[in-house]
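J.: The structure's right below; bear with me while I get my questions together.
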Amino acid sequence: MRQPTPGKILLADERGVAESDRFRRFSTFSFGLFAHPHKGPFGRLYGWNEETLAGGHALDFTVAEASHVLIIPVTGAVTLVASETLETAVDVEEMLVLTVPAGSILRVQNPYPEELVSFLHVWLLADAPVSAVTIQQATFSLEAAPGQLQLLVPEPAGVALPVALSLGRFAGRQEAIYQMGNIESSFFAFVLAGAFEVEGRLMHEKDGLALWNAGEIELEALSNDAIIIVLEIKQQAEA
C-alpha cells in the first residue's frame, strides 16, 4: 500500500482578507496586516496572495528581505515598478518573476482607468544577497496542452530561481503525476478553478496544499475546466 505523503491543507475560507475601496486581497499565508499563528511560511514560500485592484489604482509593497516575486495575472494586465528603476507590464497567460533586494519598494498598478484586474502574487525568500532588481518572464497557453502540467520557463535565464512552477487545465477525471526533481524539495499546490484530489486530499477552488518528503504526486481533476498551479520549492540555503 502506498504510504500517505505528509502535508497540510490550507482552506480557501480560512484565508486572511484585507480590503479597502481600491483593493481586496486574500492571503493563504500571513502577509501584510494579516497575521495568524498557524499561517506561517512554508519553507522559503512566505506569501501566496490573490489580489483584485480597482481601475487606475496602485499598491506599494515594501520588501523586507531579498525575495523572488511571481506575478500571474488572472484577468487583465498589471504594470510593475521596482524601486523606481525598472518598469514592465505583464498580461494574462504570462508570469513575471522579479528578484528584488531587501528594502525595495514594489509598485503594482492597474493600467485600466475603470476596469478591475485580478492577479496572484507569490513571494519566496532569495538565497544570496541580491544587489539589483532583475526581471524574467514566461508565457503559457492553457489551450495548448489540455490535461497536462506545463512547466513555465522564465527568460532570459539570468538569476537561478529556487522554484519551478507548473500549471494546467484539466477535464473531469483527467489524471496527472508530478515527479519531483529532488526529494528534499517541497511541493505546494493551489486550485485556481474547480476541484482536484491531490495525494488523497480533496481540494476545492482556492484551497492550497503543502507537501513534503514526496517523490511523486498524483492528482486528479474532479470537475471540468479545473485549473491547478504547483510549485516545487528548493530548500533554503543555510546562512
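The values are calculated or read from the model by the stated rules, or taken from the named source; none is laboratory data. Just so we're clear, the structure is a prediction, and the values are computed from it rather than from any experiment. Please note: Cβ atoms are built from the backbone with ideal geometry, for glycine as well, and neighbour counts cover all protein chains shown.
J.: Among the residues of the stretch 37-60, are any touching a Lys or Arg at 6+ places or on another chain (Cβ under 6 Å) and exposed (fewer than 13 other Cβ atoms within 10 Å of the Cβ)?
T.: Yes: the stretch 37-60 contains one or more residues that are touching a Lys or Arg at 6+ places or on another chain (Cβ under 6 Å) and exposed (fewer than 13 other Cβ atoms within 10 Å of the Cβ).
J.: Suppose we filter Glu184, Glu84 for residues that are under 21 Å from Ala210 (Cβ atoms), surrounded by fewer than 18 Cβ atoms within 10 Å (Cβ to Cβ), acidic (Asp, Glu) and at pLDDT below 95; which single one remains?
T.: Only one candidate qualifies: Glu184.
J.: Would you check which residues across the stretch 100-142 are in contact with a Lys or Arg (Cβ under 8 Å, 6 or more places away or on another chain) and not in a loop (DSSP other than H, G, I, E, B) and list them?
T.: Leu124, Leu125
J.: Moving to a separate point now. For the stretch 9-88, which fully contained strands (runs of 3 or more DSSP E) count at least 2 residues that are among the β-branched types (Val, Ile, Thr) and over 13 Å from the mean Cα position of the chain (by Cα)?
T.: Per the criteria, 78-82.
J.: OK, next. Any chance the stretch 143-151 includes a residue that's out of contact with any strand residue (DSSP E or B) (no Cβ under 6 Å at 6 or more places or on another chain), assigned to a loop (DSSP other than H, G, I, E, B), surrounded by fewer than 20 Cβ atoms within 10 Å (Cβ to Cβ) and touching a residue at least 40 places away in the same chain (Cβ under 8 Å)?
T.: There is no residue in the stretch 143-151 that is out of contact with any strand residue (DSSP E or B) (no Cβ under 6 Å at 6 or more places or on another chain), assigned to a loop (DSSP other than H, G, I, E, B), surrounded by fewer than 20 Cβ atoms within 10 Å (Cβ to Cβ) and touching a residue at least 40 places away in the same chain (Cβ under 8 Å).
J.: Still on this structure: Any idea which of (1) more than 24 Å from Ala157 (Cα to Cα); (2) in a strand (DSSP E or B) is the one Val97 doesn't satisfy?
T.: (1)
J.: Still on this structure, please answer the following. Hey, could you check the stretch 197-239 for residues that are out of contact with any strand residue (DSSP E or B) (no Cβ under 7 Å at 6 or more places or on another chain) and polar (S, T, N, Q) and say which is nearest to Glu65 (Cα to Cα)?
T.: So, considering only residues that are out of contact with any strand residue (DSSP E or B) (no Cβ under 7 Å at 6 or more places or on another chain) and polar (S, T, N, Q), the one nearest to Glu65 (Cα to Cα) is Gln235.
J.: Do you know which of the residues in the stretch 152-175 that are among the charged types (D, E, K, R) and under 18 Å from the mean Cα position of the chain (by Cα) is surrounded by the fewest Cβ atoms within 10 Å (Cβ to Cβ)?
T.: Result: Glu155.
J.: Also: Which of (1) modelled with pLDDT under 95; (2) over 14 Å from Val122 (Cβ atoms) is the odd one out, the single condition Val63 does not satisfy?
T.: Unmet condition: (2).
J.: Follow-up. Could you check the stretch 176-231 for strands (runs of 3 or more DSSP E) lying wholly inside it with 3 or more residues that are more than 16 Å from the chain's Cα centre (by Cα)?
T.: Filter on the stretch 176-231 gives 196-198, 201-203, 216-221.
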